[in-house]
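Notes follow once the structure below has been shown.
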Amino acid sequence: MDFLETIIIAIVEGLTEFLPVSSTGHMIITQSILGVESTPFVRAFTVIIQFGAILSVVCLYWKRFFRLNRTPLPGNPSALRRFLHTYDFYWKLLVAFIPAAVFGLALGDWIDTLLENVVVVAVMLVIGGIFMLFCDRIFNKGSDQTELTEKRAFYIGLFQCIAMIPGVSRSMATIVGGMTQKLLRKAAAEFSFFLAVPTMFAAMGYKILKLFSEPEGADLIMSNMGTLLLGNVVAFVVALLAIKFFIGFVTRYGFKAFGWYRIIVGGVILVMLLMGHNLTIV
């Protein structure tokens with residue numbers, strides 16, 4: 001993978017990771033167009049540069065990400081209740097993260113098998129796109145007074161599990177999950193970004209540990225640190241811009257444009273397959 005390919009793949013990762021358009025589908029097309037072979041390092045690269053995307057969320061929302069709840073509780077609450085109240089933000093992130101952690105560990109092999117099926121990715125892109133054409137009408141009763149409780153956070157976490165089917169999009173699943181819990185589009189999108197931090201970090205850590213357990217895995221990483229650093233920096237900057245754009249766009253216009261875009265991308269993949277292109281997933 002040369003310098004230009006590194007930058008292009010990192011740009012695609014940063015642009016698509018937090019948008020409801022499936023980064024997997026875009027990686028398929030990008031790798032096919034560039035002619036990049038799916039080597040062990042390329043697969044590791046596409047996972048490790050997610051760290052840059054994760055860091056963009058933390059930096060953009062750092063005041064909310066590191067803020068503790070200092071409001072007093074009524075009565076005489078227990079020490080545990082005071083602790084959960086103080087770390088309310090992180091507690092709800094943990095509650096929302098648990099379903100994906102459980103299902104991810106239990107169904108890891110099945111997920112990897114699905115990930116190898118490009119047709120599944122393309123079909124889910126199209127189906128998800130059709131759904132997004134109408135989701136604004138279906139979930140149009142959000143309220144800025146809706147509190148994100150532990151129960152609502154858990155339901156959003158269950159929706160995130162749907163994204164284990166390649167092509168669904170983690171962002172799309174969690175945003176829709178938030179909207180089913182009466183959150184406004186902006187609030188649902190922002191919680192989706194927050195939830196991405198532990199989810200993506202866990203997935204990235206798991207993949208890296210697996211790579212280091214393989215022969216020459218550590219040498220593969222250490223000998224390509226420059227490429228990995230460049231990819232993370234590019235993914236960080238692009239993801240930062242993508243998040244800012246997405247919040248403003250979806251608050252004003254909704255999801256219909258992303259629905260049409262998903263249908264087009266899924267259609268492109270299906271057409272490429274019908275034309276005999278050998279598409280692989282990174």
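The values are calculated or read from the model by the stated rules, or taken from the named source; none is laboratory data. Only a predicted model underlies this, so the values are computations on that prediction, with no experimental measurement involved. All Cβ positions, glycine included, derive from the backbone under ideal geometry; neighbour counts span all protein chains shown.
Spot the failing condition for residue 113; the list is (1) closer than 26 Å to residue 41 by Cβ; (2) surrounded by 20 or more Cβ atoms within 10 Å (Cβ to Cβ), and only one is missed.
Failing condition for residue 113: (2).
Count, please, the residues in the range 203-230 that happen to be over 29 Å from residue 106 (Cα atoms), not hydrophobic (A, V, I, L, M, F, W, C) and not in a loop (DSSP other than H, G, I, E, B).
3
Considering each of 238, 265, 233, 250 in turn, give the residue that is in a helix (DSSP H, G or I), over 16 Å from the mean Cα position of the chain (by Cα), under 19 Å from residue 24 (Cβ atoms) and at pLDDT 85 or above.
Step by step, each of 238, 265, 233, 250 is checked, and only 265 is in a helix (DSSP H, G or I), over 16 Å from the mean Cα position of the chain (by Cα), under 19 Å from residue 24 (Cβ atoms) and at pLDDT 85 or above.
Restricting the first residue to the range 51-71 and requiring it to be within 10 Å of residue 239 (Cβ to Cβ), which pairs with a second residue that is in a helix (DSSP H, G or I) and acidic (Asp, Glu) meet a Cβ separation below 7 Å and a spacing of at least six or different chains?
Final answer for the pair search is 53/13.
Report the residue count in the range 205-225 for those that are under 21 Å from residue 54 (Cα atoms) and either of a type outside the set (S, T, N, Q) or within 24 Å of the chain's Cα centre (by Cα) (or both).
Residues that pass the stated criteria total 9.
Sort out which residues of the range 13-46 are part of a loop (DSSP other than H, G, I, E, B) and under 17 Å from residue 264 (Cα atoms), and write them in order of number.
Hits for the range 13-46 are 19, 20, 21, 22.
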